[in-house]
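What follows is a set of notes on a single structure, which appears directly below.
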Amino acid sequence: MTYKYKKFKKKAYVVFIGHQTGIFKTYAEVQPLVDGFPDAKHQGFRTMEEAVQAFADYR
């Protein structure tokens, strides 16, 4: 059986570890904050609410 997963567009991104941390609306904002940063950690989320919760839980 083959499953196809629909890829959802990310509505928000969290930079947990990077040149600057926080919640951002576009990956274009995130990329320079994590590029070249050792062990940078970031993740995209389907909703802003999920991103806010993840950032709060991480801190």
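The values are calculated or read from the model by the stated rules, or taken from the named source; none is laboratory data. Since the structure is predicted, the reported quantities are computational estimates derived from the model, not experimental observations. Cβ: placed from backbone, ideal geometry, glycine included. Neighbour counts: every protein chain shown.
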Which members of region 39-59 meet the condition of being surrounded by 12 or more Cβ atoms within 10 Å (Cβ to Cβ) and hydrophobic (A, V, I, L, M, F, W, C)? ALA40, PHE45, MET48, ALA51, VAL52, ALA54, PHE55
List the number of the failed condition for ASP39; all other conditions in (1) at pLDDT 95 or above; (2) in contact with a Gly (Cβ under 8 Å, 6 or more places away or on another chain); (3) part of a loop (DSSP other than H, G, I, E, B) hold. (2)
Where the second residue is of a type outside the set (S, T, N, Q) and assigned to a loop (DSSP other than H, G, I, E, B) and the first is under 14 Å from PHE16 (Cα atoms) and lies in region 26-42, which pairs have Cβ atoms under 7 Å and are six or more apart or on separate chains? LEU33/GLY18; LEU33/HIS19; VAL34/GLY18; VAL34/ALA40; PHE37/GLY18; PHE37/HIS19; ALA40/GLY18; HIS42/GLY18
Restricting the first residue to region 1-15 and requiring it to be in a loop (DSSP other than H, G, I, E, B), which pairs with a second residue that is of a type in the set (Val, Ile, Thr) and at pLDDT 55 or above meet a Cβ separation below 6 Å and a spacing of at least six or different chains? LYS11/THR47
Among residues belonging to region 43-59 that are farther than 7 Å from LYS11 by Cα and outside any helix (DSSP H, G or I), point out the one that is modelled with the lowest pLDDT. ARG59
Can you go through LYS10, LYS25 and tell me which one is at pLDDT below 95, surrounded by 11 or more Cβ atoms within 10 Å (Cβ to Cβ), in contact with a strand residue (DSSP E or B) (Cβ under 8 Å, 6 or more places away or on another chain) and not acidic (Asp, Glu)? LYS10
